[in-house]
Amino acid sequence: MFVPAPALNVDETQIRQLESLARAGTTPQRIARKCRVILLANQGVPNHAIAQQTGLSRPTILATRVVFAEQGMEEIRWDRNITITTRLVDPAPR
């Protein structure tokens, strides 16, 4: 089985910001979910339980925890909408 992750250390100011973002109707769902992940991790909820509650995968939970621990609130607010294209377009027909 997996080793339980320790609870994240989140200060009161960050908790208020995360709760506000998670509740706001104008917050993109991608960011609101990250906020809920961090809030649950702060409460000591296991990663697999966070994954079940949020509908995210366990690797996504782990990545969100690492990003928050290393970079804080600014990275959580950043809405990365990265599109990866695997198809190469050759402008010259063959």
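Quick note: the coordinates plus some simple rules give every number you see, no bench work behind them. Note that the structure is a prediction, hence the values are computed from the model and not measured. Cβ placement follows ideal geometry from the backbone for every residue including glycine, while neighbour counts extend to all protein chains displayed.
Please sort by residue number the GluC sites (Glu not before Pro) in the range 1-80 whose DSSP state is loop and whose Cβ has at most 12 other Cβ atoms within 10 Å. Walk me through the numbers before you get to the answer.
On the way: sites: E12, E19, E70, E74, E75; in loops: none.
Sites meeting the loop and neighbour criteria: none at all.
Relative contact order for the range 12-77 using alpha-carbon pairs under 8 Å, separation at least 6, rounded to a whole percent?
27
Any chance you could list P(r) for the range 12-77, counting all Cα-Cα pairs in 10 angstrom bins from zero, rounded to whole %?
All Cα pairs, binned at 10 Å, distribute as 23, 60, 17 percent.
Would you mind computing, in nm to one decimal, how far apart the modelled labels at D11 and Q53 are, each placed 7 Å from Cα along Cα→Cβ?
About 2.4 nm separates the two model spin labels.
Just subtract the alpha-carbon distance of A69 and T26 from 0.36 nm times their residue separation and send over the number in nm, one decimal.
In short, 13.0 nm is gained.
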